[in-house]
Every structure is written in C-alpha cells, then in structure tokens.
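Note sheet for the following structure.
The values are calculated or read from the model by the stated rules, or taken from the named source; none is laboratory data. Note that this is a predicted model, so its numbers are computed, not measured. Every residue, glycine as well, gets a Cβ built from its backbone with ideal geometry; the counts of neighbours run over all protein chains shown.
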Amino acid sequence: MSHVKVYSPATVANLVCGFDVLGMALNEPFDIMTIRLIDEPTVVIHNEDDFDLPTDPSRNVAGVALLAMIEKLDNKMGFDICIEKRIKPGSGIGSSAASAAGAVVAANQLLEIRFSAIELVQMAMNGEKLASGVKHADNIAPCIYGGLTLIRSIHPLDIVELNPLPLYVTIVHPQIEVKTSDARQILKKQILLKDAIRQWGNIAGLVAGLMKSDYDLIGRSLEDVIIEPIRSILIPAFDEVKSKCREAGALGGGISGSGPSIFMLSRDAETAGEVELVMKEVYNRVGIDFNTYVTTVNKVGVKIVKEK
Ligand code: HSE
C-alpha cells in the first residue's frame with residue numbers, strides 16, 4: 001500500500017456532566033489527512049491549510065502521536081503526512097484529537113493493522129498531552145471508536161462504547177479562542193461532596209438514558225454543577241444561548257469540551273435546525289462572529305476514504 005487517506009471527525013468531549021470521561025464523535029466537520037511510508041524513522045508534515053501549525057513533529061500533535069508509533073516499530077520506517085485541517089484549532093470540538101487520532105489510524109492502516117484501537121488511543125493521547133498538558137482521552141476515544149464513549153479509567157485505559165440512539169447535534173462556535181490548557185488552569189482542584197453527588201447522579205443518568213433510549217432522562221441529566229459555572233464566564237452569552245435553545249426544544253447541552261463552542265442535542269432534525277436559528281439570533285445580536293453546524297453522531301470514527 002503506498003498511501004492512505006482518512007477523514008478524521010470533530011468530537012464533543014465531556015457531554016456536559018462527564019468531565020474527562022464522556023465524548024461523542026460528529027459527522028461534521030472533519031480533517032482530511034493523507035499518509036505515506038518513508039524509509040527514515042521520522043515524521044514529515046505538510047500543512048494544507050492556513051492555520052500555520054508547527055511542522056516540527058515534536059511540536060505538532062499529529063507528529064508526536066506518530067513518533068510514539070515509530071518507537072514501537074522495530075524496522076526503520078517513518079511517515080510523510082499531509083494535513084488539511086477543517087476543524088479550527090482552539091474551537092472546543094476536538095481539533096487536536098482529530099489530528100492525532102487521524103494520523104495514527106491512517107498509519108495503522110498503512111501498516112496493515114499492526115496495532116489495536118486501544119494502543120492507537122494511547123499513542124494519540126501524546127497529542128493531547130502536547131496540546132493541553134494532560135493525557136485526556138475523551139476526544140481521542142470517540143474519534144477512533146466512533147459513537148459515544150465512556151473512559152471509565154485512564155490508568156489502565158478502559159474504554160466503554162455506548163451505542164447511541166439517534167441524536168441531532170447543533171454547534172455554535174463563537175470566533176474567540178479558548179486554550180484547553182487555560183480552561184483547565186482555572187478549575188478548582190477540590191469540589192464539595194454535595195456537588196460530586198449531583199454530578200455522578202447526572203453521569204449515571206446520562207449513560208442510563210442513552211442505554212434505555214430515554215430522551216427525557218438524557219435531557220434531565222445534561223447538567224454540570226462543577227465545571228460549567230467556572231468555564232462559562234469565558235463564553236459570551238452562554239446562559240442566554242443555553243436557555244433559549246432549551247426553549248426551542250433542545251434536550252439540553254452546554255460547553256463543548258473546554259469551549260468556546262456550545263453544543264445542543266435534539267431528538268429530530270427539525271428541532272436541531274430551530275436551535276441553530278436561536279444560536280444565530282443571539283450571536284448576531286451580541287455582534288460576535290460565529291460558525292454553526294447541524295450534524296449527527298458519527299458512528300464509525302476516523303474513516304478510511306482511500307488506500308492505494
Ligand atoms: N475534557 C477536556 C476538558 C476536553 O474539558 O478540558 C478538552 O477538549
């Protein structure tokens with residue numbers, strides 16, 4: 001095989017109540033990557049977008065993920081990768097995870113599936129460490145597995161695939177940048193027991209709602225009493241967007257990953273479209289540039305679109 005091309009999807013981490021433990025892959029937007037083998041144990045990066053990301057592999061999230069793979073290969077080979085990012089860095093919809101996860105899935109395909117999905121998650125988490133200072137897997141796991149995933153544990157890595165019922169996702173990305181490392185820095189290191197109890201009730205309720213196809217339970221469980229009150233101050237008009245989207249029929253939603261994007265879940269396409277109109281109305285009035293997406297849950301994760 002001489003080259004492999006993949007689409008690597010955006011993801012929504014946390015799913016409101018599940019900080020660092022829940023995530024979901026989206027059908028839109030996605031990055032496009034093409035990878036080839038080379039005879040040297042190194043990574044050559046070509047950026048095919050305007051984001052001016054580093055091409056030094058040790059400073060690039062896809063680069064460090066591939067370097068972790070090269071370390072595990074006994075023969076002296078490396079990778080040449082072209083990356084067209086369509087997921088804006090710092091948007092809160094898993095841009096760094098898409099780069100790191102897409103790179104290792106594509107490379108693994110070139111190597112005729114030498115590594116398991118869990119090993120690929122481990123390698124791709126090096127990209128998250130570079131981007132945010134922490135090896136969290138709540139974007140990487142859904143990006144590689146597709147659907148919704150629960151990261152029950154990081155050490156050892158234990159990923160549970162949650163088979164989602166049909167869900168429509170509306171996203172608004174106000175055009176301000178929030179660095180994940182900054183959005184983690186402002187969080188409290190300790191929380192009250194009463195808040196922890198409420199939060200784990202919500203996480204269990206959300207997972208149960210997904211398993212039982214109970215939309216009302218999902219909606220009631222989309223509540224975050226720990227992270228959202230702190231991070232939402234970084235996002236203009238957050239409370240207004242959230243309450244108006246619920247009034248428009250959304251099941252619920254909140255900050256996507258570490259923000260600034262906001263996501264809302266709906267049970268049908270029509271409601272998801274109405275939710276998008278509400279988001280547009282709020283940010284037009286506030287006078288902040290934004291992008292919106294109306295999409296669905298991506299069930300396959302990184303998709304191989306061409307191999308030759
Ligand atoms: N769980 C991570 C956070 C996701 O909220 O910091 C970052 O995309």
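Among the residues of region 59-101, how many are of a type in the set (A, V, I, L, M), part of a loop (DSSP other than H, G, I, E, B) and at pLDDT 95 or above?
The qualifying residues number 2.
Scan region 121-133 for residues that are of a type in the set (Val, Ile, Thr) and touching a Ser or Thr at 6+ places or on another chain (Cβ under 8 Å) and jot them down.
Let us first name the residues in region 121-133 that are of a type in the set (Val, Ile, Thr), namely 121.
Those that are of a type in the set (Val, Ile, Thr) and touching a Ser or Thr at 6+ places or on another chain (Cβ under 8 Å): none in region 121-133.
Inspect all residues belonging to region 246-257 and state whether any of them is within 18 Å of the chain's Cα centre (by Cα) and assigned to a loop (DSSP other than H, G, I, E, B).
yes
Output the residues belonging to region 109-125 that are buried (at least 23 other Cβ atoms within 10 Å of the Cβ) and either away from the ligand (no atom under 16 Å from the Cβ) or polar (S, T, N, Q) (or both).
Leu120, Met123
Just to be sure, is Arg114 assigned by TED's automatic domain parsing to the domain that holds Val12 and at pLDDT below 95?
Taking the combined requirement at face value, the residue satisfies it.
Starting from residues that are under 11 Å from Val16 (Cβ atoms) and part of a helix (DSSP H, G or I), keep the ones in region 215-231 and report whichever is farthest from the ligand (Cβ to nearest atom).
Only one residue fits best here, namely Gly219.
Would you say Gly90 is within 16 Å of the ligand (Cβ to nearest atom), surrounded by fewer than 18 Cβ atoms within 10 Å (Cβ to Cβ) and either in contact (Cβ under 8 Å) with a residue 40 or more places away in the chain or of a type in the set (Val, Ile, Thr) (or both)?
Considered against the rule, which asks whether it is within 16 Å of the ligand (Cβ to nearest atom), surrounded by fewer than 18 Cβ atoms within 10 Å (Cβ to Cβ) and either in contact (Cβ under 8 Å) with a residue 40 or more places away in the chain or of a type in the set (Val, Ile, Thr) (or both), Gly90 comes out as no.
How do the strands (runs of 3 or more DSSP E) wholly within region 259-308 filter down when requiring 1 or more residues that are outside the structural domain of Asn139 (by TED's automatic domain parsing) and polar (S, T, N, Q): which remain?
Hits in region 259-308: 262-266, 290-296.
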